[in-house]
1. Considering the stretch 51-64 alone, what residues qualify as being within 14 Å of Ala92 (Cβ to Cβ) and open to solvent by less than 40 Å² (accessible area, probe 1.4 Å)?
2. Being in contact with a Leu (Cβ under 8 Å, 6 or more places away or on another chain) and of a type in the set (S, T, N, Q) is the filter here; which residues of the stretch 26-50 pass it?
3. In the stretch 54-77, which residues are over 13 Å from Met34 (Cβ atoms), of a type outside the set (Lys, Arg) and modelled with pLDDT of 95 or more?
4. I need the full set of residues from the stretch 92-123 which are touching a helix residue (DSSP H, G or I) at 6+ places or on another chain (Cβ under 8 Å), crowded, with 18+ Cβ neighbours inside 10 Å and over 18 Å from Trp53 (Cβ atoms), in order please.
5. Test Gln82 against the stated conditions and say whether it is over 23 Å from Gln1 (Cα atoms), open to solvent by 40 Å² or more (accessible area, probe 1.4 Å), modelled with pLDDT of 95 or more and touching a Gly at 6+ places or on another chain (Cβ under 6 Å).
6. Does the stretch 65-78 contain any residue that is open to solvent by 60 Å² or more (accessible area, probe 1.4 Å), touching a residue at least 60 places away in the same chain (Cβ under 8 Å) and closer than 18 Å to Ser17 by Cβ?
7. Inspect all residues belonging to the stretch 1-18 and state whether any of them is farther than 22 Å from Ala104 by Cβ, hydroxyl-bearing (Ser, Thr, Tyr) and either without any contact (Cβ under 8 Å) to a residue 12 or more places away in the chain or in contact with a strand residue (DSSP E or B) (Cβ under 8 Å, 6 or more places away or on another chain) (or both).
8. Considering only residues of the stretch 19-50 that are open to solvent by 30 Å² or more (accessible area, probe 1.4 Å) and outside any loop (DSSP other than H, G, I, E, B), which is modelled with the lowest pLDDT?
Amino acid sequence: QVQLVESGGGLVQAGGSLRLSCAASGRTFSSYSMGWFRQAPGKERESVAAIHWAGGNTYYADSVKGRFTMIRDNAKNTVYLQMNSLKPEDTAVYYCAAARYRFALAAAAYDYWGQGTQVTVSS
């Protein structure tokens with residue numbers, strides 16, 4: 001069982017930055033690929049970024065490529081999503097998720113989810 005707790009969301013002006021954190025419980029964090037997803041009101045949940053359990057591979061959605069960076073710190077059981085040059089269309093609830101020994105983009109592949117953190121970007 002893995003518990004995920006996101007933090008770092010908030011209100012920011014367009015062009016600003018936020019760093020989201022996702023802290024995981026348990027001693028097997030290094031065996032989990034991690035993903036960040038987001039869901040805006042009235043829209044489906046979409047993949048934003050993912051990082052392989054070994055840390056070597058990362059994926060970014062085209063809409064955030066070049067602006068968002070995902071990193072993991074296995075010593076702290078934490079993944080981060082650094083979000084720069086934020087746009088109003090980035091407004092959503094952001095979720096982190098964990099998938100053991102799977103590197104996937106689809107939400108259905110993930111076993112554990114956090115409760116989400118709200119990111120609001122004002123224009």
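1. Within the stretch 51-64, Ala61, Val64 qualify.
2. The answer is Ser47, and nothing else.
3. Hits for the stretch 54-77 are Tyr60, Ala61, Asp62, Ser63, Val64, Gly66, Phe68, Thr69.
4. Within the stretch 92-123, Val119, Val121 qualify.
5. For Gln82, the condition - over 23 Å from Gln1 (Cα atoms), open to solvent by 40 Å² or more (accessible area, probe 1.4 Å), modelled with pLDDT of 95 or more and touching a Gly at 6+ places or on another chain (Cβ under 6 Å) - is not met.
6. Within the stretch 65-78, not a single residue is open to solvent by 60 Å² or more (accessible area, probe 1.4 Å), touching a residue at least 60 places away in the same chain (Cβ under 8 Å) and closer than 18 Å to Ser17 by Cβ.
7. yes
8. The selected residue is Ser30.
The values are calculated or read from the model by the stated rules, or taken from the named source; none is laboratory data. All of these numbers come straight from a predicted model, not from anything done at the bench. Every residue, glycine as well, gets a Cβ built from its backbone with ideal geometry; the counts of neighbours run over all protein chains shown. The accessibility values were calculated without ligands, DNA or RNA, using every heavy atom of the protein model including side chains. Shrake-Rupley method; radii C 1.70, N 1.55, O 1.52, S 1.80 Å.
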